[in-house]
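Since every read-out is calculated from the coordinates, none of them should be taken as a lab result. Computed from a prediction, not measured in an experiment: that's the story for all the values here. Cβ coordinates were reconstructed from backbone atoms using ideal geometry, including for glycine residues, and neighbour counts include every protein chain displayed.
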Amino acid sequence: MKHPFLRRCSRALVGLGALAGLVSACEGERSPKVPMPPEDGVTKTGPCDTVFGVPSDEGGFHVAECSPITYSTNPPSAGHHYAAWAAFQEYAEPIPTGYWLHSVEHGAIAFLYGCDPKADPACASMLDEVRTYRNGLPMDPDCEPEVKNRTLIVPYPTLGVAFAAVAWGHYLRADCFDASLVTALIENFYGQSYEDTCVQGFDPTGGPENCGE
């Protein structure tokens, strides 16, 4: 399967910014997968003690919206989820996991943060790094015109670490934001889900109280 970022150079090269090396091929040529640390859930890599992991086989069926779902990893990167999916955008408030995980099933990368940027200056600085990184990612030519690419920024208070990035079936957890390792996750797994589609979702902010809990 061709990487959506690499399918058409005329669009994929827009907005690369600091990630100019992310797109290295055109017209049907997908760049080779980049090396990654072991996805064993325990090996720490780099200055942020980044850990990569994969979940056990949890299926991936649609369940009733707002019903509670149990996952084997934190953050989850596969499993049952809601029929609707979250819009590809930044969220100021936590949203139910079942919505953003469906977005990930569509080939998205979810950037999660478990710290409080209002109370912790280091967290606020990290979140700015994540925003800058996300803004520098290229356009996805397979997306609807109003969607630049399939990425989300979501607060996730129960994460247990400062930062995580999630692709379908793969995740990383870290004490801070390591752009090089996040890029490795994107290069390998963005747009690689079996449900590879980029139609805008909806904003579940302000939904029913205790949805998904």
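Can you list the chymotrypsin sites (Phe, Trp or Tyr not before Pro) in region 49-109 that are in a DSSP coil and have 13 or fewer other beta carbons within 10 angstrom?
Numbers: sites: F52, F61, Y71, Y82, W85, F88, Y91, Y99, W100; in loops: F61, Y71, W85, F88, Y91.
Passing both the DSSP loop test and the Cβ count: F61.
So if we plug the beta-carbon distance of D40 and N210 into 1/(1 + (r/R0)^6) with R0 = 41 Å, what FRET efficiency do we get, rounded to 0.05? Could the numbers behind the result be given before it?
Working: r = 34 Å, r/R0 = 0.84.
Given R0 = 41 Å and the Cβ-Cβ separation, E is 0.75.
Our coupling estimate for region 34-45, obtained by passing each phi through the Karplus curve with A = 6.51, B = -1.76, C = 1.60 and θ = phi - 60°, is 8, x, 9, x, x, 9, 9, x, 9, 5, 8, 10 Hz, Gly and Pro reported as x.
The string of couplings for region 85-96 from the Karplus curve (6.51, -1.76, 1.60, θ = phi - 60°) is 10, 6, 4, 7, 7, 8, 10, 8, 10, x, 10, x Hz, one whole number per residue in order, with x for Gly and Pro.
Qualifying trypsin sites (Lys or Arg not before Pro) in region 103-177, where qualification requires a DSSP coil assignment and no more than 15 other C-beta atoms within 10 Å, comprise K118. Phi angles of region 114-129 translate, via the Karplus equation with coefficients 6.51, -1.76, 1.60 and θ = phi - 60°, into HN-Hα couplings of x, 9, 10, x, 6, 9, 10, x, 5, 5, 4, 5, 4, 4, 4, 4 Hz per residue; Gly and Pro are given as x. Amide H contacts of A78: G169, each under 5 Å away and 5 or more positions distant or on a separate chain (H built 1.01 Å from N in the peptide plane; Pro and chain starts excluded).
So if each residue of separation counts as 0.36 nm, and I subtract the Cα-Cα distance between A83 and E146, what length gain in nm does that give? Intermediate results must be reported in sequence, preceding the final value.
Details: separation 63, 0.36 × 63 = 22.68 nm, distance 2.14 nm.
Extra length available between A83 and E146 comes to 20.5 nm.
State the Cα centre-to-centre distance between region 73-121 and region 195-209 in whole Å. With region 73-121 and region 195-209 each reduced to a Cα centre, they are spaced 10 Å.
Can you tell me what percent of all Cα-Cα pairs in region 95-213 are more than 21 Å apart?
Working: 2648 of 7021 pairs.
Here the tail beyond 21 Å accounts for 38 percent of pairs.
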